[in-house]
Amino acid sequence: MHASFNTIRTGKRYQIVNYEETWQFEVLEIFDNNDYKIKLIDTLEVQLLSDLIAFGKGKDFKFEEL
């Protein structure tokens, strides 16, 4: 199921494919500036979604709910 950033919900899990890398994460908090605090599922690292896609969106960019 494909998703868009405006449908992100706290507590849900998503996957991003970008520049041949795949990240799965859970949304911890939604900020007013349309940014999100996320926890990567495989490493449990907490970061901002904007940091994850800071270098832009590649030709293979895909965002979907798990």
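The values are calculated or read from the model by the stated rules, or taken from the named source; none is laboratory data. Note that this is a predicted model, so its numbers are computed, not measured. Cβ: placed from backbone, ideal geometry, glycine included. Neighbour counts: every protein chain shown.
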Handout entry: Residue count, the stretch 9-48 (criterion: in contact with a strand residue (DSSP E or B) (Cβ under 9 Å, 6 or more places away or on another chain) and touching a residue at least 40 places away in the same chain (Cβ under 8 Å))
Key = 8
Fill in the blank from the handout: Subset of the stretch 36-64, residues closer than 16 Å to THR10 by Cβ and loosely packed, with under 14 Cβ neighbours inside 10 Å, comes to VAL46
Completion exercise
Per the filter on the stretch 34-66, residues more than 17 Å from SER4 (Cβ to Cβ), polar (S, T, N, Q) and assigned to a loop (DSSP other than H, G, I, E, B) are THR43
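Just to be sure before I move on: is GLU65 at pLDDT below 95 and among the charged types (D, E, K, R) in the structure I sent?
The answer is yes for GLU65.
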Exercise for the section: Restrict the check to the stretch 9-30 and report whether at least one residue is loosely packed, with under 12 Cβ neighbours inside 10 Å, among the small types (Gly, Ala, Ser) and modelled with pLDDT of 90 or more. Expected result: yes
Fill in the blank from the handout: Across the stretch 1-32, the tally of residues that are of a type in the set (Phe, Trp, Tyr) and farther than 12 Å from LEU66 by Cβ stands at 3
Practice task
Go through the stretch 14-56 and count every residue that is small (Gly, Ala, Ser) and under 11 Å from the mean Cα position of the chain (by Cα).
Solution key: 1
